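Here the structure is laid out as C-alpha cells; the discussion comes afterwards.
The values are calculated or read from the model by the stated rules, or taken from the named source; none is laboratory data. Given the structure is predicted, the values throughout are model-derived calculations rather than measurements. Neighbour counts run over all protein chains shown; Cβ positions are idealised from the backbone, glycine included. Surface areas here come from the heavy atoms of the whole protein model, side chains and all, with no ligands, DNA or RNA. Shrake-Rupley method; radii C 1.70, N 1.55, O 1.52, S 1.80 Å.
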Amino acid sequence: MTAPAGHLMLCTPGVPDAARQSGSLRLLNMVELLREQDWDVSLVSTYEGRPMDRRRFLRLGVPIFPEHMAGGVFERPVDIAIVAFWDTAERLMPALRARSPETKIVIDSVDLHFVRRTREELAPSKGDAARLDGGIGAEFIREMNTYVNADAVFTVSAKEAWLLDDLTNG
C-alpha cells in the first residue's frame, strides 16, 4: 500500500447534495479526482444531510465528521482545508488556524456572494439601492476580509477570479 499523497479536509455547511446543487457536484467531482490521486479526504459538515449523499462520500472512502467532532480529522496532519462558502470560512478559519497553523486554507467561493446580493438589491423590482449602504456593505467587507485571510480562493469562472483579484489586490 502506498502512502497517501496528502490529507485534505473539506468543510461544508452540509453534506454536498450533488443531485440538487451544482456547487455540490463540483465538490463531489473534486473529491473523486483527489481520491484518484491517492489523497486522503475527510468531510466536516455542519449537518448530516441525506443518507444517499452520505453513502456517496463513504463509498469513496471519505469519512464524515460532524462539525462539533471535527477534532478527529486532526489525528494526522491536515495539509489543506477547502472550505465551501465564505461565511463558513469566516466562522471556521480562526479555529483551523489555531488548531493547525501549517494547514493551507482554501475557500471555495461557490459563487461570489456579494455579486449575487448586489444584483438582488439593484434589481428593478427592489428599487432600494440605499440598502447597499447598510447590511450588504458590512457583509461585503466581511466577505473580502475572509478571502484575504485565506491562503487561496477557488472561483467558478475567470471573470470572478479577475474581479476578486482586482478587489483584494488593487
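The residues of the stretch 60-92 that are out of contact with any Pro (no Cβ under 9 Å at 6 or more places or on another chain) and among the small types (Gly, Ala, Ser), listed by number, are Gly61, Ala70, Gly71, Ala81, Ala89. Restricting the first member to the stretch 76-102 and to residues that are on the phi > 0 side of the Ramachandran plot, and the second to residues that are of a type outside the set (Val, Ile, Thr), the beta-carbon pairs closer than 7 Å and six or more apart or on different chains are Phe85/Pro13. Thr155 meets the stated requirement of being at pLDDT 80 or above and under 15 Å from the mean Cα position of the chain (by Cα).
Residues checked against (1) open to solvent by less than 50 Å² (accessible area, probe 1.4 Å); (2) at pLDDT 75 or above; (3) assigned to a helix (DSSP H, G or I):
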{"site": "Leu10", "(1), (2), (3)": "yes, yes, no"}
{"site": "Ala18", "(1), (2), (3)": "yes, no, no"}
{"site": "Ser24", "(1), (2), (3)": "yes, yes, yes"}
{"site": "Leu27", "(1), (2), (3)": "yes, yes, yes"}
{"site": "Met30", "(1), (2), (3)": "yes, yes, yes"}
{"site": "Leu34", "(1), (2), (3)": "yes, yes, yes"}
{"site": "Ser45", "(1), (2), (3)": "yes, yes, no"}
{"site": "Arg56", "(1), (2), (3)": "no, yes, yes"}
{"site": "His68", "(1), (2), (3)": "no, no, yes"}
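Of the residues making up the stretch 142-159, those that are open to solvent by less than 50 Å² (accessible area, probe 1.4 Å) and of a type in the set (Gly, Ala, Ser) are Ala150, Ala152, Ser157. The condition (being out of contact with any Cys (no Cβ under 7 Å at 6 or more places or on another chain), at pLDDT 85 or above and part of a loop (DSSP other than H, G, I, E, B)) is satisfied by just one residue among Val62, Val41: Val62.
In the stretch 107-127, the qualifying residues are those that are small (Gly, Ala, Ser) and either open to solvent by 40 Å² or more (accessible area, probe 1.4 Å) or in contact with a helix residue (DSSP H, G or I) (Cβ under 8 Å, 6 or more places away or on another chain) (or both), and the one that is modelled with the highest pLDDT is Ser109. For the stretch 77-106, a residue qualifies if it is open to solvent by 70 Å² or more (accessible area, probe 1.4 Å) and of a type in the set (S, T, N, Q), but none of them does.
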